[in-house]
Structure formats: structure tokens, C-alpha cells
Amino acid sequence: MRRVIPKAMFAFALASLHVSVDAQTSRWPDPIASDVLPYGASGLSHGPLLGNPTSQSVRIWVRTHEPGSFRVRYGKSLPPDDRWKTVQGRTRDDHDRTGVVQIESLDANTAYFYLVEVNGKVADLRSDFADPWPSFRTLPDASTCADPANNPHGLFNLTYAIGHCASQAPNNSGGQYENTPAYDSIRHRHADEVSFGIVNGDVIYEEMRDGTIGGVRDNYKLYFSRGRSFANLFRRLPAMFTFDDHDVGWDIHGCGQVGLGEGRHLIRDIGLKAYEDYLGWANPNGRQRGNIRLGRGEVKRGDNVLHDADANFTSLSPAQVSTIHLGNYTRGEKIVPRRDDAPKNAGVYGLKRIIDATHLEFTPPAKASEQLDYSIGTHHYYDWRVGNSHFFALDTRGERSDRNAKDRSDPNLFILGDTQKKWLLDGIDNTDADFVFLISPDPWTIYHTAAHVGGDDTDDKGDGFPSFLHQRQELLDRLDAVEQTVIIFTGDVHASASVKISDNVWEMMCGPLGSTGHPIGTLGNPPNGGNWRSMDREVEIRWLSEFPNNMPYQEIRNTYYGIVQINNILQTGSPGGGYQFVAYDRPHVIIRWHDGYTGRLVYSETIHAR
């Protein structure tokens, strides 16, 4: 006897079959279907990382196992389809098999998914198989919160993350976890809040150094691969960076002082050449920035001419040159003084003019005739504007003078050379932003002494502006006179602090991200609240991480990061539905310090526009 299946049951069976088939065919990416290759088999060795975000563009960096071409595809929805766009890139041996592409013509305040193809195959960019596919969001612009009645200037709110000092090496450089927890805390707790991140110096600490540029590059590769939290965060969040002493290889006092002779300041440019390949690409370009030149040439005693038969000096722009280093080098595993092996003309020189493709004129003249390695430095400071906020990222290491431990007020001392100082002050004088943010890898009022390694709490280690008092006073007087609120984010010291320098100028220190903490003696033993004299200047300590002096700094495990929230508008309902965007009469900034392990709020400071 034939069984009759009711129509309703038949329809249900068909629907179930459709759902089952759809569930088996709609997953993307599916490695079984070769949608993606496992990362280790994809041809990528490091990256992708995101940098230099704007409302219409972003940069994407990768490193491949072999030099060659790659493609970045991007679109607004998954899975990828024919609406996705493509940009081509190439990794090159002379940049250690790294490459960068810039994606442009994007929509403001919009999320985009992206993928990377090497040899026609898509790399699986998820660190764990169950992770969501990486995406990024462009910055807002004046159209994001358009409301002619309540917000006539098209202002918008903006939030970013900031921190400094992230050693991964607990045994030799004051590090803690190889995989920095603070980066994971930012990603897990603030992914939908922050628009970009800034790592304000000491992104890496010295490992793998062998006296060659290859060793410096290996240092970066180690940190990028071992530091999975760093890679995972900046695969999704665009970043910008500054460099400090550990990124280069150690203290480099004097590398901007023309006439200064042999010393470890001559390690600057090989360290920064690797920095350009691995971090500097993420920063906005400016007219002052060129490319570092490394070469080998010949000089003659009493003469001012450098000859390099393999060079093309005519492609140099003198305005982009900082100083020339004759006899440049880079450190090995340990940084030790060169003695008899140092070139006779080792030192810092100024560029006078380009003679022709293979000759340039420098000053002062050579002391001896010899062939030697040389480097031509460039300017690494930069600025960018987002809405009513203007950011100035400083180079506080690469163009400074030597220190004078006997007289910190020596008017000949400087952290910012004349060119950078003019660029900064002209930029601040001419901006119409409500807020000025200085990103300074070294401190302005907080000391960085050697108390944590047995030194005195007022000794002159020379890292920050407390060792360059004449220029500090000059700069602070100018900053205090401008119309805008000025907030200086600083680094180098493994601590956090909020310091009111004047009614208009603040210093904020948000760290360490991953390094062990410095006891309060390293900071000069300031109070954890109240007035304090920072050398020749009275300041108000609003809050700081007062790690006690009875703890060795290798055992101080507190870590912090900062979240900076710029509030310009209030989003509220509209009578006809949707939203109104009401501009505040006085915009304000909330700086929040969060625990690096848990993400919990530790302290906050609110500062209003003037």
C-alpha cells in the first residue's frame, strides 16, 4: 500500500532541505573550498597592519617570505563579490620584503572588510579560526554628524588609544609578557570606540642585534610575530608611531649637533632605516620627510666634499635632510664604545649643498683622508588634522644636541633642532583647531633618572626636557600663549601621570603598555597629588602611578594604556525620528587611564577648550 505524504509535511521537508543545504554552502571563508589558505602557507610572513587613517583612505603593510607582488581587495560586506575593489602592491628586497599600499576614495565613517592575496591565494587573516574576519573603519568627517541647525561646523566626536613602552623581553630589557596584554585589552574592550591607536615610542626593545641592519630588522620581525596581540590589534585598528631610544638601539644624545665627534649617537640612521620599513610607513607624510641614505664614500683631509661613485645625490632635497653622519654604524648584542676601530672622521656634519650626482659638500671639513660608511638623515616628525583637533608628533631623539650634566640650563642645548622647532611653532600658530595634541616620546616635566638602577633621584640621565631647561622654558612659554588647549602626551618613563603645567598646557603619560614599571624615584619622587617643582618650574601633579621605591623595577607589574575621548557633540533624538547632533558650546577632552590587564578604568581627567 502506497503511503501518502501530506502536503504540509512535504513543504516542511523541502524547507528543511533548503536550510540544510544553505548551512553547508554559505560559510565564508571555508578552507575546505580553498576560500583561504592557512596563514603559514599563504606567502605572508608578517602583517597585514593598518596605518595612516583618514576619512577617505588607509594604508596597509605586509611582509612576504619572497619579494614579489600582492593584492589587497576590500569591500563593505562579506563574502567578497564583484563589488569589491582591488589595489596592487609589491614587496622588495631593499625594504626587507615589506610593501605598502594605500587604499583611497573610501567613504567616511564606514566599515570595510579586506583581504590579502599572494600568488593569487587569499591568506587567512584570523589569528584563531573562530575569530571574525578583519575589518577597519575610516575616520568621520563633517558629513558624519551633519546638522545645520545644531552643528553648523560639522563637528564630530573622536576617540583614540595611546600608550608607550612595550618590552616583550622579561630577562633582559624590563619586559613582562611576550604577548602584551594591553593590546588585547584595547581590542576586546574598545574596538567599537577607538578610531586609531598611537604607540608613543619604545615599540620594540633591543633583541637580535648583531651590528647590521639585518639584525635591527630581525628585532622588528621577532616583536611582530611573538607579539600576537600587537599584530591582532593593528590588523583591525589603524596605527601611527613615534620612535624612542630602544627603537633605535639606545640613547643617541647629540645626533643633531653638527661638529660632535665619535659616539653612539651615530647608530641613529641604521636603526631608523629599519623603523621606516616596519613602523614609519604608518605615519602621515610631510614635505619635510625624505628617505634615509646609507652608503660608503671617500673624504680628503681639510676638504668638505663627500664622494660616492654609486650615489645619486641630485635626488636629495636639502630641506628634507637633518644631519649627515660620517662613520655611522649600529650596535651589536651589547652597545660598547668604539675605540681604535672608529673612523677618523666619525661624527655629525651638516649639508651645505649638492654638487652633482656623486659629490656633496658638508661642514665642518674632514680631519683625515679615508673611505668610510656614511648616512644622510631625514626628518621624522609629522602632523595631521582630524576635525577640530591638530596633532603634532615630535622627534625628540633624532635631532637633539648632547646633554650638559653640569648645566641643564645651557642655552646651547636642544631637543628640537631649529628646523623642527620652527615647524612646530609655525604649525601651532597657524592652526585654527580647538585642541592641540603634542605626541612627544620623551617627558617634559616628569624626570627619567637612573634611580631604578641605583642612581640618584635627581641625576641627569638626559632623556627628556628636564635636562634641556632653556628650550623647555622657551617652548612652554609659547604654548601657554596660544589660544588652544595644548595636551602633551609623553613616554619613555614606565609610568602614568597627569600633570597640569599651566592653565593651558598639560602633560599626560599613559603607560607602560608592557614594560616593567619605574619606581617613583625614577620620576624624581614627585607627590602623587599636589604642587611639585620640576627643576625650575612649579607644576601641579593631578595623579600618577606611584610605584613604591621598595620594589625593584623588574617586579613592578602594573601596566596602563590611555583612551582619549574628544567630545564635540551630543547625539539626541529628533522630533521627526532619527537624530539631532547638538554641538557643545565648549568641547572637551576626557583622558582615561585603563588597567592593561583588565581594561578597568583607573583615573580620568576632563579638559575643556579655552
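Points worth noting:
- Filtering the stretch 199-209 to residues that are surrounded by fewer than 23 Cβ atoms within 10 Å (Cβ to Cβ) and within 18 Å of the chain's Cα centre (by Cα) leaves only 205.
- Filtered by the rule that a residue be in a loop (DSSP other than H, G, I, E, B) and crowded, with 21+ Cβ neighbours inside 10 Å, the stretch 210-228 gives a lone residue, 227.
- Residue in the stretch 570-579 that is in contact (Cβ under 8 Å) with a residue 12 or more places away in the chain and within 28 Å of the chain's Cα centre (by Cα) present: no
- Condition met for residue 204 (in contact (Cβ under 8 Å) with a residue 60 or more places away in the chain and either at negative phi or among the charged types (D, E, K, R) (or both)): no
- Here residue 426 meets the list (1) out of contact with any Pro (no Cβ under 6 Å at 6 or more places or on another chain); (2) not in a helix (DSSP H, G or I) almost entirely, failing just condition (2).
- Qualifying strands (runs of 3 or more DSSP E) (wholly inside the stretch 357-404; at least 2 residues being modelled with pLDDT of 95 or more and farther than 19 Å from residue 239 by Cα): 359-363, 370-378
Every residue, every condition in (1) within 24 Å of residue 250 (Cβ to Cβ); (2) at pLDDT 95 or above; (3) surrounded by 16 or more Cβ atoms within 10 Å (Cβ to Cβ), yes or no:
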site	(1), (2), (3)
417	yes, yes, yes
440	yes, yes, yes
446	yes, yes, yes
453	yes, no, no
462	yes, no, yes
465	yes, yes, yes
477	no, yes, no
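- In the stretch 529-545, the residue that is surrounded by the fewest Cβ atoms within 10 Å (Cβ to Cβ) out of those that are touching a helix residue (DSSP H, G or I) at 6+ places or on another chain (Cβ under 8 Å) and over 22 Å from residue 162 (Cα atoms) is 536.
- Long-range neighbours under 7 Å by Cβ, at least six apart or interchain, first residue without any contact (Cβ under 8 Å) to a residue 40 or more places away in the chain and of a type in the set (Asp, Glu) within the stretch 81-96, second part of a loop (DSSP other than H, G, I, E, B) and surrounded by 13 or more Cβ atoms within 10 Å (Cβ to Cβ): 93/67
- Verdict on residue 45 being in contact with a helix residue (DSSP H, G or I) (Cβ under 9 Å, 6 or more places away or on another chain), small (Gly, Ala, Ser) and surrounded by 13 or more Cβ atoms within 10 Å (Cβ to Cβ): yes
- Within the stretch 150-172, residues that are within 19 Å of residue 509 (Cβ to Cβ) sit with their Cβ atoms under 6 Å from residues that are aromatic (Phe, Trp, Tyr), at 6+ positions apart or across chains, in these pairs: 160/196; 162/489; 163/561; 167/205.
- Residue within the stretch 251-267 that is within 30 Å of residue 194 (Cβ to Cβ) and either over 14 Å from the mean Cα position of the chain (by Cα) or free of Cβ contacts under 8 Å to residues at least 24 places away in the same chain (or both) present: no
- Where residue 432 falls short, out of the listed (1) free of Cβ contacts under 8 Å to residues at least 24 places away in the same chain; (2) closer than 17 Å to residue 463 by Cβ; (3) among the acidic types (Asp, Glu): (2)
- Residue in the stretch 115-134 that is modelled with pLDDT under 95 and in contact with a helix residue (DSSP H, G or I) (Cβ under 6 Å, 6 or more places away or on another chain) present: yes
- Residue count for the stretch 232-266, restricted to those that are of a type in the set (A, V, I, L, M) and more than 22 Å from residue 393 (Cβ to Cβ): 3.
- Going through (1) within 24 Å of the chain's Cα centre (by Cα); (2) assigned to a strand (DSSP E or B) one by one, residue 354 falls short only on (1).
- Scanning the stretch 162-194 for residues that are surrounded by fewer than 21 Cβ atoms within 10 Å (Cβ to Cβ) and assigned to a loop (DSSP other than H, G, I, E, B) returns 169, 170, 171, 172, 173, 177, 178, 179, 191, 192, 193.
- Residue check, residue 62 surrounded by fewer than 21 Cβ atoms within 10 Å (Cβ to Cβ), among the β-branched types (Val, Ile, Thr), modelled with pLDDT of 95 or more and in contact with a strand residue (DSSP E or B) (Cβ under 6 Å, 6 or more places away or on another chain): no
- Looking only at residues in the stretch 230-242 that are in a helix (DSSP H, G or I) and surrounded by fewer than 23 Cβ atoms within 10 Å (Cβ to Cβ), the one that is farthest from the chain's Cα centre (by Cα) is 232.
- Per-region count, the stretch 495-521, residues without any contact (Cβ under 8 Å) to a residue 60 or more places away in the chain and either in contact with a helix residue (DSSP H, G or I) (Cβ under 8 Å, 6 or more places away or on another chain) or of a type in the set (S, T, N, Q) (or both): 7
The values are calculated or read from the model by the stated rules, or taken from the named source; none is laboratory data. Worth saying up front: this structure is predicted, and the values here are computed from it rather than measured. All Cβ positions, glycine included, derive from the backbone under ideal geometry; neighbour counts span all protein chains shown.
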